[in-house]
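Worksheet for the structure shown next.
Derivation of every value follows stated rules applied to the coordinates shown; laboratory data play no part. Predicted model only: the values in this text are computed from it and were never measured. Glycine gets a Cβ as well: all are built from the backbone with ideal geometry, and neighbour counts include every protein chain shown.
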Amino acid sequence: MVDSTFNLGVKLEEREDGWYLLMDVPESWTKDVKRKTVTGELLGKAIIPQQSFTNPDDSPIKVDTDLLGNKRKLSNPYPGPIEIKKAGHQEFKVWPKSIEK
């Protein structure tokens with residue numbers, strides 16, 4: 001999905017406690033397109049080794065959490081590494097600042 005009229009305003013901002021991803025999400029991205037949960041079945045086999053995508057225990061992979069550890073909406077997950085629940089301005093802490101001793 002491409003919307004060349006909408007400015008996401010994506011920024012990475014350093015704050016006292018870490019780095020934050022800031023962006024604006026249009027309403028159309030959360031509702032207009034239906035998406036499937038990413039699974040090993042959906043991915044098929046990797047091209048070179050011809051192997052299925054599985055977890056370390058050999059169980060089928062299912063991407064049901066996002067990069068930040070939040071549960072994904074299984075019926076229509078948001079595209080990309082972060083599950084977004086609503087349109088509008090978003091701020092995500094993506095990297096904590098290390099504590100110096």
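Averaging the sequence gap over all C-alpha pairs within less than 8 Å and six or more residues apart, then dividing by the number of residues, gives the chain a relative contact order of 35 percent.
Under Stokes-Einstein, with the Kirkwood radius over Cα pairs as Rh, the value for the chain at 20 °C and 1.002 mPa s is 134 µm²/s.
Close amide H contacts of V94 (hydrogens built in the peptide plane, cut-off under 5 Å, sequence separation of 5 or more or a different chain): W19, Y20, L21. Of the residues T65, G44, Y20, the one whose Cα sits farthest toward the positive end of the charge dipole of the chain, with +1 on the Cβ of Lys and Arg and -1 on the Cβ of Asp and Glu, is G44.
Placing +1 at every Lys and Arg Cβ and -1 at every Asp and Glu Cβ, with all other atoms neutral, what dipole size does the chain have around its Cα centre, in debye to the nearest 20?
320 debye
Shown is the FRET efficiency for L42 and D3, computed with R0 = 25 Å from the Cβ-Cβ distance and rounded to the nearest 0.05: 0.55.
Only DSSP H runs of four or more residues enter the estimate; each adds -39500 (n - 2.57), and after division by the residues of the chain the mean residue ellipticity at 222 nm equals -1500 deg cm²/dmol. Candidate cross-link partners of K97 among the lysines, defined by an alpha-carbon separation under 18 Å and a same-chain spacing of 8 or more, comprise K11.
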